[in-house]
Structures are given as C-alpha cells and as structure tokens.
Amino acid sequence: MYNEIDIDKIDIKSEPPAEEPARQYYFMAKCREWAKDFEKQNGRAPQSCVVNMGCQMNARDSEKLVGILEASGFTETDTEEEADFVLYNTCTVRDNANQRVYGRLGYLKKMKQKNPNMMIALCGCMMQEETVVAKIRKSYRFVDIIFGTHNIFKLAELISERMDEKKMVVDIWKETDRIVEELPTDRKYPFKSGVNIMFGCNNFCSYCIVPYVRGRERSRNPQDIVEEIRRLVADGVVEVMLLGQNVNSYGKNLEESMTFAQLLKEVEAIDGLRRIRFMTSHPKDLSDDLIEVMKNSGKICHHLHLPLQSGSSRVLKAMNRRYTKEQYLELVEKIRAAVPDISLTTDIIVGFPGETEEDFLETMDVVRKVRFDSAFTFIYSKRTGTPAAAMEEQIPEDVVKERFDRLLSEVQKISAEVCGRDAHTVKEVLVEEKDDHVEGFVTGRLDNNTIVHFKGDSALIGQMVEVYLDESKGFYYMGTMK
Ligand code: 5AD
Ligand code: SF4
C-alpha cells in the first residue's frame, strides 16, 4: 500500500524491479533524487502543472498523475508559466478539443524558448490517435514525453527515461488488460472523490471515438473498489462518484460476474459514506434491479445522467444506440415512478449525418416531455475512423447552428423552471467551498447536484448541513442554514 512505502529508502543503484507497482516506486525514487539536485541548484523544488482538459475520468486520471508527481519530488502550481514540468491530459471527443491543444502548444513553445529546461508532456485520449502523434513528432518537436490512456501509471518511469535519453519519449499502448492498483493519488477535494469502477467502452456508438482511444471494457474487482472507498472514507471522504464510460455494464468481464446494482449495494454498506453518485449510464443497459436499488437506498443520490443523444428513433439507429425514442421515454417513466424526485440530466448531439428537420423536432419533443434538469448540448463533430465520419449527408454548418440554438434555448427555459422545484423546503447540503462571489458565504450541493449558496464559515467545508432553500435563481439556490 502506498502509505506504507518509504520511497526514500528504495535503492536506486540496483536494477529496477520488473513487477508493478514496485517498479514505479523505484522510478519515483529516481525522480526524487533528480528533484533534490534541482533544488540545490535553484533554491526551490521543481514545480509541475497538470492541466485537465476532459471528462470526469480524465479528472480522476489527473489526480493520479499529480499524486505520482508529488511522490516524485515535484510541488504543484496551477500556472504553466511557473512550471518546470507541464502535463496536458487531453480529450478528443470533439475536434475543438484537439484544436485547443495545438493552440496551447504554440503558446508553450514560446515559454520553452525562455526556459529551455521546461519539460512538456502530453497524455490522455487525444494521444491514442496515431495521426495526432505523427503530427506532434513532426511539427511540435519541443514536446518531451507523449503517453496514452492505458499507461498513466508509468509517468515516473517515462520522466526518468526522458532525463536519461534527452530525446522525445513516446509510449502509447493500443490496448491493455492491466489495471495497476496501489499508486499514489492527490485528491482535489478532501471530502469527495471519483472512483474508477471500469475503463473503456464496448458500445461503438457510430459517432464516438472513445472505444478506439480508451479500448475495450475492463471492470475493476469489486474487492479493490470497496477497499479503495473504505480507505477514502477513513481519510475524510463522504461522497464518491463511481466512474465508467458505461457503468451499467459493470462486471460483465469479471471472473465472478457481478452487476452494477450488486456493486452499489456493497458500496452502500460502507459505514461513514454518505453519498454515492455514478456516471455515465447507457439507457440500453439500465436495469430494473438498478432502479430498485436506487429506490431503496439511503445514500445513492437522486440524480441520473442518462444521455439521450437524439430523440429520433431513425437517428438513434444510425448512431447505434440500441434504443428507440419510445423506449427512452418508457425508461424515464419507470425511473420517475420509482424515484419521483429524481433529477435527470442528459447529453444531446445536434447535426448527426442525415438528421432532418423532422428528426430534430423529435429531439425537441423528448426534451419537452422529459423536462431535463439540465442537458449538455453538442454540435456533431466528425471523428476520423468512426463509422459516422464516412456517412453521406453531413449537415451544413448553418443548419446545425440554427438547430443547436433552438435546442439550447428550449433546454435552458425548461431547466430554469425545473431546477427551482425544491424552493421553500429544507434539504441536506454538502458544503464544498467558499463562495466565489460573496464574502462570508459558502457553496454546496444538494443530492440532486444543484448548487446552493448560503451564509457560512469555511470551517463547514466537507460537512453535510441542513439548509432552507429561500429562493431559486434558475440554476442555483440562495439558502439559509438551519
Ligand atoms: N460529436 C459531438 N458530440 C459527441 N459526443 C461524443 N462524440 C461526439 C461527437 N463525435 C458527446 C456525446 C457524449 C458526450 C460525452 O460527448 O453526447 O455523451
Ligand atoms: Fe461513446 Fe457510446 Fe461508449 Fe459513450 S457509450 S463512450 S457515447 S461509444
């Protein structure tokens, strides 16, 4: 276990061990030696800056990367200008994410000209694309390290390699069946944490690049998950977010197969844990058992993120989503019958190839029928290598933009109406941070994920308190602590 390992006692003169995670601790020890030398020369420890550009899974990976960097002797900074080691944890779900990385690399190049010792590393989903790596090798030669989504546990080893070899280190794995446990992590919040329960995705929705960059579905052992959460709780965590691309298919590849609903029951039984969230659910795999577990649970939050993508059965078929508009609506009804105060959020894509005005109106119809608490709306982005990229009838930009604007204004109107439904009631709030805007106020979250601001002291951070919701402001409440 990490806490029991004294990295400074590791003998770095001997050969690195072959087995994991011992091998990585050896390289962390090596990096630490280097960091000590750096400190002697510069009068301060080397600083690292990890920039997370993606989803919650990426954010969790970033916490692991920061954990490794800290164990390797780096201190953290949140500005690239101050950093000796910059790491971008990238996303590639839509093309604009990729463009943003290239833009920021241009900026980093200038910084590196001023500080030639600065090390630049790239990892995450975008690096799993061969064309991206080829472009960086050719046009961004100042990048020092490139690695992917399957080998983030190797960061210390890759840094050591770069220091020894003085040339660009590229290590991308196409696939993996390995899950390396027991490495350090540095949590962003002391009181809540993401917990990976599975990696990868087998669904191959026709627009989506994730199955190509994150690989096939792999579930972690339930014992490891429960043990990790127990440790988190002992360390002050009261809320966990169970993470996976498709949590509803958890357990299928385990030796002793297990369902997500069964896993939730085990997590629920952990003493001291107050709230359980999870993300993301695929509608096609959401079981009656899961609904039953949610209904009977005292800890699972009444919030479900249930990506719709499109309201048109024809488009859903072309997207390979494997449910129809009617099945989605039935599922929503079933969930609401079991958990009446559930908050539903969703993802919607506008402008999928071949989407007609009629198809789009079907999406608007579902939005009006379900009345989501909030919806993330995306313009379809063509991802090379996915089946949808080769489809004819890509929709002209102006048509997509016009539909997108109509959808967004409908979603926002409904969400402002729906989000205020708990006004003038008392609810439990987990206090998360000091209010950004008002001195003497704090900000917290309801179990359905809505934000509440109220008067309070920063000593309340991490606690669950009862708050009267005085007024809804559309997407958040102003309240008073009881
Ligand atoms: N274009 C636009 N949006 C996409 N998403 C995934 N792939 C694409 C794409 N090619 C959206 C989906 C998914 C969310 C994480 O990103 O709505 O649920
Ligand atoms: Fe992409 Fe579909 Fe897998 Fe989600 S379920 S990651 S949208 S392929």
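Read-outs throughout are calculated quantities, based only on the coordinates presented, and are distinct from any laboratory measurement. Not measured: the values here are computed from a predicted model. Note that we place each Cβ from the backbone using ideal geometry, even for glycine, and neighbour counts take in every protein chain shown.
Can you find a residue in region 160-169 that is free of Cβ contacts under 8 Å to residues at least 40 places away in the same chain, surrounded by fewer than 21 Cβ atoms within 10 Å (Cβ to Cβ) and touching a strand residue (DSSP E or B) at 6+ places or on another chain (Cβ under 6 Å)? Walk me through how you get there before you give the answer.
Let us first name the residues in region 160-169 that are free of Cβ contacts under 8 Å to residues at least 40 places away in the same chain, namely 161, 164-169.
Keeping just the survivors that are surrounded by fewer than 21 Cβ atoms within 10 Å (Cβ to Cβ) gives 161, 164-169.
Still in the list and also touching a strand residue (DSSP E or B) at 6+ places or on another chain (Cβ under 6 Å): 161, 169.
Within region 160-169, one or more residues are free of Cβ contacts under 8 Å to residues at least 40 places away in the same chain, surrounded by fewer than 21 Cβ atoms within 10 Å (Cβ to Cβ) and touching a strand residue (DSSP E or B) at 6+ places or on another chain (Cβ under 6 Å).
Find the residue count for region 92-109, including only residues that are more than 13 Å from residue 141 (Cα to Cα), of a type outside the set (A, V, I, L, M) and either away from ligand 2 (no atom under 16 Å from the Cβ) or buried (at least 23 other Cβ atoms within 10 Å of the Cβ) (or both).
Quick first cut of region 92-109, residues more than 13 Å from residue 141 (Cα to Cα) only: 92-101, 103-104, 107.
Still in the running and of a type outside the set (A, V, I, L, M): 92, 94-96, 98-100, 103-104, 107.
Those left that are additionally either away from ligand 2 (no atom under 16 Å from the Cβ) or buried (at least 23 other Cβ atoms within 10 Å of the Cβ) (or both): 92, 96, 98-100, 103-104, 107.
Selection size over region 92-109: 8.
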Count of residues meeting criterion [among the hydroxyl-bearing types (Ser, Thr, Tyr) and crowded, with 18+ Cβ neighbours inside 10 Å] in region 111-153: 2
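Could you identify the single residue in 304, 286, 273 that is surrounded by 15 or more Cβ atoms within 10 Å (Cβ to Cβ), within 24 Å of residue 462 (Cα to Cα) and within 15 Å of ligand 1 (Cβ to nearest atom)?
Working: 286 fails: within 24 Å of residue 462 (Cα to Cα); 273 fails: within 15 Å of ligand 1 (Cβ to nearest atom).
Result: 304 is the single residue among 304, 286, 273 that is surrounded by 15 or more Cβ atoms within 10 Å (Cβ to Cβ), within 24 Å of residue 462 (Cα to Cα) and within 15 Å of ligand 1 (Cβ to nearest atom).
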Sole residue being hydrophobic (A, V, I, L, M, F, W, C) and touching a Lys or Arg at 6+ places or on another chain (Cβ under 6 Å), chosen from 172, 209, 159: 209
Those residues of region 450-482 which are buried (at least 17 other Cβ atoms within 10 Å of the Cβ) and under 26 Å from residue 306 (Cα atoms), in sequence order: 450, 452, 472, 476, 477
From the options 71, 156, 59, residue that is among the small types (Gly, Ala, Ser) and within 16 Å of ligand 1 (Cβ to nearest atom): 59
Unmet requirement for residue 173, which otherwise passes all of (1) in a loop (DSSP other than H, G, I, E, B); (2) surrounded by 15 or more Cβ atoms within 10 Å (Cβ to Cβ): (2)
Condition broken by residue 341, with the remaining ones in (1) in a helix (DSSP H, G or I); (2) among the charged types (D, E, K, R); (3) more than 16 Å from ligand 1 (Cβ to nearest atom) satisfied: (1)
Of all residues in region 344-390 being assigned to a strand (DSSP E or B) and of a type in the set (Ser, Thr, Tyr), the one that is farthest from ligand 1 (Cβ to nearest atom): 374
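Confirm whether residue 196 is within 16 Å of ligand 2 (Cβ to nearest atom) and of a type in the set (S, T, N, Q). Break it down into steps so the answer makes sense when it comes.
Numbers: within 16 Å of ligand 2 (Cβ to nearest atom): yes; of a type in the set (S, T, N, Q): yes.
Yes: the conditions hold for residue 196.
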Residue 434, sole failed condition from (1) over 22 Å from residue 336 (Cβ atoms); (2) within 13 Å of ligand 1 (Cβ to nearest atom): (2)
Pick from region 398-443, criterion among the polar types (S, T, N, Q) and without any contact (Cβ under 8 Å) to a residue 40 or more places away in the chain, ranking: nearest to residue 477 (Cα to Cα): 443
Those residues of region 180-205 which are of a type in the set (A, V, I, L, M), under 30 Å from residue 309 (Cα atoms) and assigned to a loop (DSSP other than H, G, I, E, B), in sequence order: 197
Total residues in region 206-216, condition within 16 Å of ligand 1 (Cβ to nearest atom) and assigned to a loop (DSSP other than H, G, I, E, B): 4
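Is it true that residue 182 is closer than 25 Å to residue 263 by Cβ, in contact with a strand residue (DSSP E or B) (Cβ under 8 Å, 6 or more places away or on another chain) and acidic (Asp, Glu)? Give the steps one after another, and end with the answer.
On the way: closer than 25 Å to residue 263 by Cβ: yes; in contact with a strand residue (DSSP E or B) (Cβ under 8 Å, 6 or more places away or on another chain): no; acidic (Asp, Glu): yes.
No; evaluated as a whole, the condition is false for this residue.
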